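Here's the structure we're looking at; comments come further down.
The values are calculated or read from the model by the stated rules, or taken from the named source; none is laboratory data. A quick note: this is a predicted structure, and the numbers were derived from the prediction, not measured. Here Cβ is always computed from backbone atoms with ideal geometry, including for glycine, and neighbour counts include all displayed protein chains.
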Amino acid sequence: MNNRLHIFTPVWGKHFTSLLELALGKSLQWRLNAAAVDGCKWTILTTAQEKSEILKTAQKIIPTASITVLTNDRLTEPNAPIGALKMQALLKAIRECLDDKTPMLMSTPDFIWADGSIQNMIDESYPAEGQGLCVSIAHMRALPRFIEALGNNRMSAQSMVEVGLSHAHPAWNRCSINDAQNGIYHAGVSVRYLDCGRLITVQHQMPSPFLVNFKESDLEEFARWKGVTPPAFGEWDHNWPSKLLEEGRLRYIGSSDVAFMVEITEADMNVPPLEPARTPHDQFFRVEPSVKIQKQFISTFRY
Amino acid sequence: MARNLRVFTCVWGSKHIDTFLKGTVKSLSWKSNKEALDGSTWHIVTKTDSESKLRHEIEQRFPNIKLEITAVPPQITAPNGMTIETDKLDHSNLILMHLVKEIKTALETNSRTLLAPPDTIFGERSVANILNIGEQDGTCVAVPHPRIHPEIMDDPQFTTGGSCSNEILVKLCFEKYLHQSWRAAEIGCANQNSLIGGVAWRRLEAAGGEMLYAVQHRLPTVYLANWIPEDYAFFINQPSFGAYDHTWPGERLIRQERQRLVGSSDAAFICEVTDFDKNIPPWTPEHLKILHIHPDAFYRDGWHNVINRMSVCMMRGR
């Protein structure tokens, strides 16, 4: 039994069920990633109707995993509070991580992890008891056709950056600092193509913590109602990183060579509106303390 | 409006001048670095006895720059009228005094300043990338820099060929010339010195003959500064040049959202030539008890020390 890792994945609906197998699932089966997740605990949130199919897929992806499928049929209701429902399931998974003293890999089905990235993030989080370190990386969005380019071979970070750029999502293409019209203000990401060839700098002002070690206080934070608003999943990358920064628990990795992930995103989703470039060019509409700090770190993607 | 570029160096004494010419000047004269400096003004503060040698060397190697040399005379007159032997002045105070003048000049001439200390080696292409990353008004680019032994400047890979790429320099630094202050900063080593040294690093698995190092540098140096008037007001009130690394980033830069820390040596790599017996952080076995629990612990808790701890920079050698 791998007591080093717990994975959390919310997945329902045909589109994301398919991504579980073709995107996340494929990358979790690459040699180094497979070794990193071997024997892990995997909590999956889905609907009752899809439970058996999801379970079958998950068992195929990580045959050694101990899989818990949580179901909630409200997920498919019109106007369902999806963020709050996901948070309910996440809270259960966090409780388990705290009890087991294991880190969690946050991994939705549209994530594709470059081979070796998961172990590198685990190593970077020094999973010593009680420190609660959490690893963030800048990641990129790519179009669904990226999946076709994956083929059957494992993909290193370097190849994944290259293929990712060939199939980049509009959200990415709108974030170049050289463009007179861009979406940086709404995306919080600015990209600079360096003159030295196959290297890009990325200023991601709201990177998500992906490999995390919880503390009891995190559970309390996530479970807290904000006025009349129930705890919601958006807390994860919107507000929680500020707590992590304040407590000195964040570790933000500066290079795709160590950890890299592509998030498959439909062409018409998450597209920041274009507007004339602002001065300074890296203005972002969000102003959380974590944003103010993370804008000061420049990552690189190498291909 | 595009800003001008100034390069700022304080150097005196034959040993430092030698390192400056063999290391700093050589690396800045590599093709891409040199091109990036074209049209800049290089402000060198030295002492009168070295002025002509430096002028000759720099003008020969950098025909497309404007050179300003400030020659500090053997004696200066303090504001109170007292005559002071400059050799007896604390060097840190002397450097600070000239840094303040440099900031004033840069502000007056709409310039930014690239700091080129005389013990510093810039990987090829690093200068252009640093200038690019720090193109925005007010931003200041910091780079974590390993300390290395002077012998690197005699290595054939350094002396021959047109240039040394960042990846070759990283390899030379970590495989052959790493200074003891950094050697003992490796997480888990028997005499790990990170608690006082402020640096902690680990080797990562890498394929294809590459080497990857994950580095946390709690007080990286700002090499490119886009000054704002507040900086002048800050430094004119400081007791020594140490404020540049130790207080300015924490008290000002990060709070003003101006630091841009380069997360990977692929974009920029800088190393600092250090004598074998210099800058060795003090160490006691007691430190290991703390480092065993927090491998990246550091005794200082300035805001920049706290924030930079959370940035894991990668150095890639080949």
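Note on the stretch A:97-163: enclosed strands (runs of 3 or more DSSP E) holding 1 or more residues that are β-branched (Val, Ile, Thr) are A:111-113, A:134-137.
A single entry from A:GLY254, A:GLY234, A:GLY248 fulfils the requirement of being within 14 Å of another protein chain (Cβ to nearest Cβ) and in contact with a Gly (Cβ under 7 Å, 6 or more places away or on another chain): A:GLY254. The residues of the stretch A:184-199 that are more than 21 Å from B:ALA267 (Cα to Cα), touching an Asp or Glu at 6+ places or on another chain (Cβ under 8 Å) and crowded, with 22+ Cβ neighbours inside 10 Å amount to a single one, A:ILE184. Can you say whether A:ALA223 is at pLDDT 95 or above and surrounded by fewer than 19 Cβ atoms within 10 Å (Cβ to Cβ), as far as the supplied structure shows? Considered against the rule, which asks whether it is at pLDDT 95 or above and surrounded by fewer than 19 Cβ atoms within 10 Å (Cβ to Cβ), A:ALA223 comes out as no. Restricting attention to the stretch B:265-288, which residues are among the hydroxyl-bearing types (Ser, Thr, Tyr) and more than 14 Å from chain A (Cβ to nearest Cβ)? Scanning the stretch B:265-288 gives B:THR274, B:THR284.
Where strands (runs of 3 or more DSSP E) fall wholly inside the stretch B:73-147, the ranges with 3 or more residues that are at the interface with chain A (Cβ under 10 Å from one of its Cβ atoms), touching a residue at least 12 places away in the same chain (Cβ under 8 Å) and within 21 Å of the chain's Cα centre (by Cα) are B:140-143. A:THR300 fulfils the conditions (1) modelled with pLDDT of 95 or more; (2) outside any helix (DSSP H, G or I); (3) more than 8 Å from chain B (Cβ to nearest Cβ); (4) farther than 20 Å from A:HIS186 by Cβ except for a single criterion, (3). Quick one: would you say A:THR64 is in contact with a Gly (Cβ under 9 Å, 6 or more places away or on another chain) and not aliphatic (A, V, I, L, M)? Against the criterion (in contact with a Gly (Cβ under 9 Å, 6 or more places away or on another chain) and not aliphatic (A, V, I, L, M)), A:THR64 qualifies.
Residues in the stretch A:53-67 that are of a type outside the set (A, V, I, L, M, F, W, C), in contact with an Asp or Glu (Cβ under 8 Å, 6 or more places away or on another chain) and assigned to a loop (DSSP other than H, G, I, E, B): A:THR64 only. Criterion first (basic (Lys, Arg) and not in a helix (DSSP H, G or I)) does B:ARG252 satisfy it? For B:ARG252, the condition - basic (Lys, Arg) and not in a helix (DSSP H, G or I) - is not met. Residues in the stretch B:301-317 that are part of a helix (DSSP H, G or I) and either surrounded by fewer than 21 Cβ atoms within 10 Å (Cβ to Cβ) or at the interface with chain A (Cβ under 7 Å from one of its Cβ atoms) (or both): B:TRP303, B:ASN305, B:VAL306, B:ILE307, B:ARG309. Scanning the stretch B:245-264 for residues that are touching a Gly at 6+ places or on another chain (Cβ under 9 Å) and more than 8 Å from chain A (Cβ to nearest Cβ) returns B:HIS246, B:THR247, B:PRO249, B:GLY250, B:GLU251, B:GLN256.
Quick check on my filter: what residues within the stretch B:53-68 are under 19 Å from B:LYS15 (Cα atoms) and either of a type in the set (Ser, Thr, Tyr) or touching a residue at least 24 places away in the same chain (Cβ under 8 Å) (or both)? Scanning the stretch B:53-68 gives B:LYS53, B:LEU54, B:GLU57, B:ILE58.
Taking the criterion of being within 24 Å of B:GLY162 (Cα to Cα) and surrounded by 12 or more Cβ atoms within 10 Å (Cβ to Cβ), would at least one residue in the stretch B:105-114 satisfy it? The answer is yes; a qualifying residue exists. Considered as a group, the residues in the stretch A:257-290 that are farther than 24 Å from A:SER117 by Cα and of a type in the set (Val, Ile, Thr) include one that is surrounded by the most Cβ atoms within 10 Å (Cβ to Cβ), and that residue is A:VAL271. Among the residues of the stretch B:289-300, those that are buried (at least 18 other Cβ atoms within 10 Å of the Cβ) and at the interface with chain A (Cβ under 9 Å from one of its Cβ atoms) comprise B:PRO295, B:ASP296.
Of the candidates A:SER117, A:SER125, A:SER159, the single residue that is of a type in the set (Ser, Thr, Tyr), buried (at least 23 other Cβ atoms within 10 Å of the Cβ), within 14 Å of another protein chain (Cβ to nearest Cβ) and out of contact with any Cys (no Cβ under 6 Å at 6 or more places or on another chain) is A:SER117.
Scanning the stretch B:35-49 for residues that are part of a helix (DSSP H, G or I), within 23 Å of B:THR105 (Cα to Cα) and more than 14 Å from chain A (Cβ to nearest Cβ) yields B:LEU37, B:THR48. Restricted to the stretch A:129-156, and to residues there that are closer than 21 Å to B:GLN216 by Cβ and among the small types (Gly, Ala, Ser), the residue that is farthest from the other protein chains (Cβ to nearest Cβ) is A:GLY132.
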